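The values are calculated or read from the model by the stated rules, or taken from the named source; none is laboratory data. All of these numbers come straight from a predicted model, not from anything done at the bench. Backbone-built Cβ (ideal geometry, glycine too); neighbour counts: all protein chains shown.
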Amino acid sequence: MTIENKFTVQVQHEDFDLNTEHARLVSNDRGIGAVVAFIGMVRDLNLADDVVALELEHYPGMTEKTLSNIMSEACKRWSLQAARIVHRVGKMYPGDQIVLVLTASPHRGDAYEANMFIMDFLKTEAPFWKKEWTADGPRWIEARACDDQAAAKWEQK
Amino acid sequence: MHLKVLYFAQLRERFGLSEESLVAPDSVITIANLIDHLSLRGGVWHETFAGGSAFRVAMNQDMVALDTTLTDGAEVAIFRPVTGG
C-alpha cells in the first residue's frame, strides 16, 4: 500500500459511515496511536428560522484539488499517518451528516490539531455553497467572519 | 483572449448562466479588468460587481487575487464567498 492512498478526499451525494471509514483508514498500520474524527451535521435552526432542508453545491474539480492541498499543508505541519475527508453535496435534511474529517497520527496532539486545521480551511477555501430551505422558501447562506478568523489564526502559528 | 467563465451558486442564479465562452478585448489583462468588462453588461452584472458585494475568483481552479494576469484559454470561476463544512 502506497503512502498516497492513506490521504484521500471524496465528494459524494451518498451518506458516509464512520465505522467503515475509520476501519479503512487504520487498516494495515499498527503505528497509528490516535485517530480524531470530526463530523459536521445539518442543524434544524439557523438565524432563528426553522430549516427544513439544506442543498449543497460545489465546483467539481476545484473542490477535490483544494481539499487535497489543505491536506498536504496539514501533512507539512503535523506528523500524520493517514487522513480522509468526505464531503457530501446535494440535498440534505436536519440530522444528516454533511462532512467527515479523519486524521491519524502516532500521538493525539497532531491528530487533534491537524483535524481542526483541515476544517478551518475547508470552510474558508473549498468551493462549496449552502442553500437553506425554510418555510419561506430557499435562501443562500452567507459566509461568516468568524470562519475567516478561525482560518487566519493558523497563519500566526 | 479566449476565456471560459463559470458562475456558481447565488451568482449562477442571479445571472441565469452557469458557464460561457467569451473573447475578451485586448484591454482585458487582469482579473479586475475582466470584472469591469462584465460589469459593463449593466443590470444584475453591474449591481453585483460595482455594488460592493463580496465575491471570489478562481483561475484554473486556484483562488486568485484581482490583480492576477489572465492567461489565454483560462477557466475563470466567479462566486460568492464559500460556505461549506
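Restricting attention to segment B:60-69, and to residues there that are in a loop (DSSP other than H, G, I, E, B) and over 27 Å from A:Val11 (Cα atoms), which single residue is nearest to the other protein chains (Cβ to nearest Cβ)? Filtering segment B:60-69 for residues that are in a loop (DSSP other than H, G, I, E, B) and over 27 Å from A:Val11 (Cα atoms), the one nearest to the other protein chains (Cβ to nearest Cβ) comes out as B:Thr68. Of all positions in segment B:70-85, none carries a residue that is surrounded by fewer than 15 Cβ atoms within 10 Å (Cβ to Cβ), within 14 Å of chain A (Cβ to nearest Cβ) and in a strand (DSSP E or B).
Find the residue count for segment A:128-155, including only residues that are touching an Asp or Glu at 6+ places or on another chain (Cβ under 9 Å) and within 12 Å of another protein chain (Cβ to nearest Cβ). Adding up the residues that qualify gives 12. Of the residues in segment B:28-40, not one is loosely packed, with under 12 Cβ neighbours inside 10 Å and not aliphatic (A, V, I, L, M).
Scanning segment B:5-29 for residues that are among the polar types (S, T, N, Q) and part of a loop (DSSP other than H, G, I, E, B), which turns out nearest to A:Thr63 (Cα to Cα)?
Here is the first cut: in segment B:5-29, the ones among the polar types (S, T, N, Q) are B:10, B:18, B:21, B:27.
In the following step, the residues that additionally are part of a loop (DSSP other than H, G, I, E, B) were identified as B:18, B:27.
Numbers: B:Ser18: 17, B:Ser27: 31 Å.
Restricting to residues being among the polar types (S, T, N, Q) and part of a loop (DSSP other than H, G, I, E, B), the top hit is B:Ser18.
When you scan segment B:42-54, do you find a residue that is buried (at least 17 other Cβ atoms within 10 Å of the Cβ), in contact with a strand residue (DSSP E or B) (Cβ under 7 Å, 6 or more places away or on another chain) and either among the β-branched types (Val, Ile, Thr) or more than 11 Å from chain A (Cβ to nearest Cβ) (or both), even just one?
There is no residue in segment B:42-54 that is buried (at least 17 other Cβ atoms within 10 Å of the Cβ), in contact with a strand residue (DSSP E or B) (Cβ under 7 Å, 6 or more places away or on another chain) and either among the β-branched types (Val, Ile, Thr) or more than 11 Å from chain A (Cβ to nearest Cβ) (or both).
Being at pLDDT 95 or above, touching a helix residue (DSSP H, G or I) at 6+ places or on another chain (Cβ under 8 Å) and farther than 29 Å from A:Cys146 by Cα narrows it down to one of B:Ala77, B:Ala24, B:Ala65, B:Ala58, so name that one. Before the answer, list the steps.
On the way: B:Ala77 fails: farther than 29 Å from A:Cys146 by Cα; B:Ala65 fails: farther than 29 Å from A:Cys146 by Cα; B:Ala58 fails: farther than 29 Å from A:Cys146 by Cα.
Step by step, each of B:Ala77, B:Ala24, B:Ala65, B:Ala58 is checked, and only B:Ala24 is at pLDDT 95 or above, touching a helix residue (DSSP H, G or I) at 6+ places or on another chain (Cβ under 8 Å) and farther than 29 Å from A:Cys146 by Cα.
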